[in-house]
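**Student:** Sharing a structure with you now.
The values are calculated or read from the model by the stated rules, or taken from the named source; none is laboratory data. Keep in mind that this is a model prediction, so the values were computed, not measured. Neighbour counts run over all protein chains shown; Cβ positions are idealised from the backbone, glycine included. Protein only, heavy atoms only, side chains kept; ligands, DNA and RNA dropped before computing areas. Shrake-Rupley method; radii C 1.70, N 1.55, O 1.52, S 1.80 Å.
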Amino acid sequence: MYHRYESQCFVLSSYPEKEANRSYVIFSRDLGLISAKAQGVALSASKLRGNLEAPSKVSLSLVKGKEVWRIVGVQAENNLWLDLKSNREGLALFTRLANLVKRMVQGEERHEELFLVLEECALALQEKVTKEDLLALELVLVSKLLHHLGYFKLKEEYEEFFNKTLSEIDSKKILSMRRYLVADINRALKESHL
């Protein structure tokens, strides 16, 4: 008998496999970045159908097989694709952040701080934000993500926004440091060799 794992997850991407199956790239609060398969998810009778849209936040029931994780249950929490379809820039921002997580995280390892960064992003995008707010949001989230992975040094001038929630951050102040933040982010990405 296999152990069943329950975890909050972000579905980052998916791709079809065979006729009715799909493979998913998932970032789990408890398990980190994993690849999981869902059997028959494209069939109209599937219980999983419609709840595993990428990007979305879900509660998953997973079983670890010999070679792969299998999705055996899902409860939808927040379908970002539906919630943000009128906010294309916000959806693009979350997708870029998800792609960065997929690129930077190697192997299955718990990274709760990164999960919280994705969660923070999803919550912030639910509110009305301007293009300037989105740009500031992206700078803060990417620098937080790289910091939690050990690639981004936390300078004194950045500490103020690292310790605040996104709703408390002053976008104008972040954008005034944009040149320095972008240079530090690019340096961190270069030094990661990923």
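**Student:** I need the full set of residues from the stretch 130-150 which are of a type in the set (D, E, K, R) and within 15 Å of the chain's Cα centre (by Cα), in order please. If you could, list the steps in order and put the result at the bottom.
**Tutor:** Within the stretch 130-150, the subset of a type in the set (D, E, K, R) is 131-133, 138, 144.
Across the stretch 130-150, the qualifying residues are Glu138, Lys144.
**Student:** Is it true that Glu138 is among the acidic types (Asp, Glu) and at pLDDT below 90?
**Tutor:** When the stated conditions are applied, Glu138 does not pass them.
**Student:** Which residue pairs have Cβ atoms under 6 Å apart, sit 6 or more places apart or on different chains, and have a first residue in the stretch 16-44 that is within 18 Å of Arg103 (Cβ to Cβ) and a second that is acidic (Asp, Glu) and in a loop (DSSP other than H, G, I, E, B)?
**Tutor:** Note: pairs meeting the criteria are Gly32/Glu108; Gly32/Glu109; Ile34/Glu108.
Condition check ((1) surrounded by 12 or more Cβ atoms within 10 Å (Cβ to Cβ); (2) polar (S, T, N, Q); (3) farther than 21 Å from Glu89 by Cα; (4) touching a residue at least 60 places away in the same chain (Cβ under 8 Å)) across all residues:
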| position | (1), (2), (3), (4) |
| --- | --- |
| Met104 | yes, no, yes, yes |
| Val142 | yes, no, no, no |
| Leu146 | yes, no, yes, no |
| Tyr151 | yes, no, yes, no |
| Lys164 | yes, no, yes, no |
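**Student:** Could you name every one of the helices (runs of 4 or more DSSP H) located completely within the stretch 125-180 that has at least 1 residues being in contact with a Lys or Arg (Cβ under 7 Å, 6 or more places away or on another chain)? I'd like the intermediate steps shown before the answer.
**Tutor:** Working: elements: 131-148, 159-162, 171-176.
In the stretch 125-180, 131-148, 159-162 are the helices (runs of 4 or more DSSP H) which contain 1 or more residues that are in contact with a Lys or Arg (Cβ under 7 Å, 6 or more places away or on another chain).
Here's the yes/no breakdown for (1) of a type in the set (D, E, K, R); (2) farther than 16 Å from Ser35 by Cβ; (3) open to solvent by less than 30 Å² (accessible area, probe 1.4 Å):
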residue	(1), (2), (3)
Ala76	no, yes, no
Ser86	no, yes, no
Leu93	no, yes, yes
Arg96	yes, yes, no
Leu114	no, yes, yes
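**Student:** Next question, about the same structure. What residue, among those in the stretch 16-29 that are open to solvent by 60 Å² or more (accessible area, probe 1.4 Å) and farther than 23 Å from Asp83 by Cα, is nearest to the chain's Cα centre (by Cα)?
**Tutor:** Step one: list which residues in the stretch 16-29 are open to solvent by 60 Å² or more (accessible area, probe 1.4 Å), which gives 16, 18-19, 22.
Next cut, farther than 23 Å from Asp83 by Cα only: 16, 18-19.
On the way: Pro16: 20, Lys18: 26, Glu19: 27 Å.
Per the stated criteria, the residue is Pro16.
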